[in-house]
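Data block below; observations after.
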Amino acid sequence: MILPEYQSRGFASEAAASLVEYAFSKLAVGRLFASIAAENAASVKVAEKIGMTFEGSAEKELNGVAYQGRRYSLTKSRFFEVRVRGED
């Protein structure tokens, strides 16, 4: 969690991009997936900012609580394409 006074400054996107770059560069991962609660707008924004593609919605369960999940994916080639072009 990021303290409110430090939110909306791109820190989460920067951290996520660094972790994704490590996974693709050092761990030989070819594709990543994320399942995000639909109401978690900040996490959805981070996923989209680093180039993840929305694949669909599905009901999920976590600790016995149902929620609407959004599924995202990102390929290695897409990630580096977005980084080179500087897309948000």
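Just so it is clear, none of the values below were taken in a lab; they were calculated from the coordinates. Being a predicted model, the structure only gives us computed values, none of them experimental. Note that each Cβ is placed from the backbone with ideal geometry, even for glycine, and that neighbours are counted across all protein chains shown.
Some notes on this structure:
- Checking each residue in the range 1-60 for being on the phi > 0 side of the Ramachandran plot and among the hydroxyl-bearing types (Ser, Thr, Tyr) picks out only SER8.
- Selection within the range 49-88 - under 25 Å from PHE24 (Cβ atoms) and without any contact (Cβ under 8 Å) to a residue 12 or more places away in the chain: SER77, VAL84, ARG85, GLY86
- Scanning the range 37-77 for residues being part of a loop (DSSP other than H, G, I, E, B), in contact with a strand residue (DSSP E or B) (Cβ under 8 Å, 6 or more places away or on another chain) and more than 17 Å from SER18 (Cα to Cα) gives a total of 2.
- Screening ALA16, ALA28 for residues that are under 10 Å from the mean Cα position of the chain (by Cα) and not in a strand (DSSP E or B) leaves exactly one candidate, ALA16.
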